[in-house]
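All remarks here apply to the structure that follows.
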Amino acid sequence: MAAPKSCALWSYCGRGWSLAMRGGQLLGLRSSWPGTPLSARLLSQEKRATETHFGFETVPEEEKGGKVYQVFESVAKKYDVMNDMMSLGIHRVWKDLLLWKMRPLPGTQLLDVAGGTGDIAFRFLNYVQSHHQSKQKRQLRAQQNLSWEEIAKKYQNEEDSLGGSRVVVCDINKEMLKVGKQKALAQGYRAGESFTDSRMPIAFGIRRVIAAALQEAHRVLKPGGRFLCLEFSQVNNPLISRLYDLYSFQVIPVLGEVIAGDWKSYQYLVESIRRFPSQEEFKEMIEDAGFHKVTYESLTSGIVAIHSGFKL
């Protein structure tokens, strides 16, 4: 009986990331402001400790997780379609480039954080499977003395088409993961609950919990593990920047309303992108979290960037 194509695991990580986000927010506080009474400083500190940003809004920190959850819960079923519409399909190229930069080999273990419906995970599985099959064919061609029966037996005995690789998709939102599981089953992958810690990419999700996510990424990766992040960044061409702002604020929310029936969620997405640090600033944050050999590559004039770092 043929074995499943691979092991693609989806897991719900909402509580863990919420705790990490609270810890990261507290670490960024200033302790005092000169020229103000002690009681006023303490009250101000307390207020800053319990507030954070949600797009361009300032909201109580304990409310942000729920608001972000609601954003993606409301758009989960139309998320993939909206990605194609908003980016005119270019997001597919960005994600392919992330896998090309990763270049995973059979046996690579992958944790896809903020993986949503599994775009990166499926690319990883297909990439590794293709590499493993090519390696197997080369080995068979090198053994010209094998009979057809022996060759067929080798294929039949192949239990793992990925050479031991596994991917875990982790996301705060159950509705996004539900869509991802449906896609996995439709493509012949099996879904379960587990965790891995060898390579960690995060695509279009880290802007909501930056400092804490980087610290957690460094904690869970094994020595020699690699962190990769595909995220919206800062456009480096003034003309393209103006056109990009016009498109982002005037067109994307309208598309969200027409296709997904949700203007506010896509307004939030646009605003959250604008709050993300520049390529160089984010590189420094990754280094501050303990990663080494940190590099980045801007794509499409800086609309997105791929950052990479290693835990040594």
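The values are calculated or read from the model by the stated rules, or taken from the named source; none is laboratory data. Keep in mind it's a predicted model, so treat the numbers as computed, not measured. Reconstructed Cβ throughout: ideal geometry from the backbone, glycine too, with neighbour counts over all protein chains shown. Each accessible area value is taken on the protein alone, full model and side chains, heavy atoms only, with ligands, DNA and RNA left out. Shrake-Rupley method; radii C 1.70, N 1.55, O 1.52, S 1.80 Å.
Taking residue 223 as the residue in question, decide whether it is over 13 Å from the mean Cα position of the chain (by Cα) and either closer than 21 Å to residue 289 by Cα or modelled with pLDDT of 80 or more (or both). It is true that residue 223 is over 13 Å from the mean Cα position of the chain (by Cα) and either closer than 21 Å to residue 289 by Cα or modelled with pLDDT of 80 or more (or both). In a residue-by-residue description of the stretch 230-246, the property of being touching a residue at least 40 places away in the same chain (Cβ under 8 Å), under 17 Å from residue 84 (Cα atoms), hydroxyl-bearing (Ser, Thr, Tyr) and out of contact with any Leu (no Cβ under 6 Å at 6 or more places or on another chain) applies to at least one position. Among the residues of the stretch 239-282, write down those that are buried (at least 18 other Cβ atoms within 10 Å of the Cβ), among the small types (Gly, Ala, Ser) and at pLDDT 90 or above. Within the stretch 239-282, 248 is the sole residue that qualifies. Given the options 121, 114, name the one that is in contact with a helix residue (DSSP H, G or I) (Cβ under 8 Å, 6 or more places away or on another chain) and at pLDDT below 90. Every option except 114 fails the conditions. Scanning the stretch 110-133 for residues that are open to solvent by less than 50 Å² (accessible area, probe 1.4 Å) and in a helix (DSSP H, G or I) returns 119, 120, 121, 122, 123, 124, 125, 128, 129, 132. On inspection, residue 255 fails the criterion of being within 17 Å of the chain's Cα centre (by Cα) and touching a residue at least 40 places away in the same chain (Cβ under 8 Å). Quick check on my filter: what residues within the stretch 298-310 are closer than 11 Å to residue 227 by Cα and open to solvent by less than 30 Å² (accessible area, probe 1.4 Å)? Passing the criteria: 306, 307, 308, 309.
Apart from one condition, residue 295 fits all of (1) free of Cβ contacts under 8 Å to residues at least 40 places away in the same chain; (2) under 20 Å from residue 95 (Cα atoms); (3) buried (at least 16 other Cβ atoms within 10 Å of the Cβ); the exception is (3). Residue selection: residue 305 fails the criterion of being among the aliphatic types (A, V, I, L, M), modelled with pLDDT under 95 and either in contact with a Ser or Thr (Cβ under 6 Å, 6 or more places away or on another chain) or more than 27 Å from residue 102 (Cβ to Cβ) (or both).
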